[in-house]
Amino acid sequence: MTGEESGGANGRATGGTGRPLPLRMCVRCERITDEPVLVAEVHGNSGPGWNVYACPGCAPHVPAAPDPLVVLEALLQSRRGGPRR
Ligand SMILES: [Zn+2]
């Protein structure tokens, strides 16, 4: 029995399988989650689109997103922080 313990050395959470966790940012609470739930798909007019994720806790509260662009726009505005002091 050695005191060797996996995890913590790299600061990376290894669940045992060693596969990288699909970290995504929740569109609602803006926290990083390793269990992203796809709540919306944004299709670009040209080029590939992207997906909008929420954490499991927020997913039920995220509206069905009739227009994902509304969600995206709200996210971008919240990032900008609005008017400066
Ligand atoms: Zn969330």
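Exactly one of (1) farther than 17 Å from Leu76 by Cα; (2) within 16 Å of the ligand (Cβ to nearest atom); (3) at pLDDT below 90 is unmet by Pro36. Its number?
(3)
When Ala9 is evaluated against the numbered criteria (1) among the aliphatic types (A, V, I, L, M); (2) more than 16 Å from the ligand (Cβ to nearest atom); (3) at pLDDT 65 or above, which criterion, by number, is the only one it fails?
So the condition that Ala9 fails would be (3).
Out of all the residues in the range 39-49, which are touching a Leu at 6+ places or on another chain (Cβ under 9 Å) and either at pLDDT 85 or above or more than 16 Å from the ligand (Cβ to nearest atom) (or both)? Walk me through it before giving the result.
Start the filter on the range 39-49 by keeping residues that are touching a Leu at 6+ places or on another chain (Cβ under 9 Å), which leaves 40, 42.
Residue satisfying the conditions is Val42 alone.
The values are calculated or read from the model by the stated rules, or taken from the named source; none is laboratory data. Quantities reported herein were computed from a predicted structural model and do not represent experimental measurements. For neighbour counting, all protein chains shown are included, and Cβ atoms are generated from backbone atoms with ideal geometry for every residue, glycine included.
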